[in-house]
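The values are calculated or read from the model by the stated rules, or taken from the named source; none is laboratory data. From a predicted model like this one, the values you see are computed outputs, not experimental measurements. When we count neighbours, we look across all protein chains shown, and the Cβ atoms used for this are built from the backbone with ideal geometry, even at glycine.
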Amino acid sequence: MTSPEPIILVCVPATAPLCVEGATFDQVCSQCRQNVMLAPSGQRFLKEHPASSILCRQCYCPEPSDLPCGLTATSPGELRAEIASIRPNTWRHRN
Ligand SMILES: [Zn+2]
């Protein structure tokens, strides 16, 4: 199984108003080093993809007005589906 593209796991900051039951706060953003919240689904994802880069939402999408990538999941199942759909942001490389 080869994956040439890096996997980016986007997390909300640990200071986010939303929280998921069972979430952990001991992971840090790979860019700004702030603590991020990792939901159980994210913890499982990280276990399955240990090479993933963790990015907080701000580092992944510094211009939220340009991209609709806010965290809108309201349940762990929905969050899991959201995380499963995360992929490298090729939008940034287009001309
Ligand atoms: Zn960050």
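Here A51 meets each of (1) surrounded by 15 or more Cβ atoms within 10 Å (Cβ to Cβ); (2) small (G, A, S); (3) modelled with pLDDT of 85 or more with one exception, condition (1).
Would you confirm whether or not region 80-88 contains a residue that is part of a loop (DSSP other than H, G, I, E, B), touching a Pro at 6+ places or on another chain (Cβ under 8 Å), at pLDDT below 60 and more than 11 Å from the ligand (Cβ to nearest atom)? Taking every residue of region 80-88 in turn, at least one turns out to be part of a loop (DSSP other than H, G, I, E, B), touching a Pro at 6+ places or on another chain (Cβ under 8 Å), at pLDDT below 60 and more than 11 Å from the ligand (Cβ to nearest atom). With the condition kept exactly as written, say whether any residue in region 22-34 is closer than 20 Å to C61 by Cβ, modelled with pLDDT under 90 and not hydrophobic (A, V, I, L, M, F, W, C). No, because not a single residue in region 22-34 is closer than 20 Å to C61 by Cβ, modelled with pLDDT under 90 and not hydrophobic (A, V, I, L, M, F, W, C). So V36 fits all but one of (1) surrounded by fewer than 17 Cβ atoms within 10 Å (Cβ to Cβ); (2) out of contact with any Ser or Thr (no Cβ under 6 Å at 6 or more places or on another chain); what number is the exception? Every listed condition holds for V36 apart from (1).
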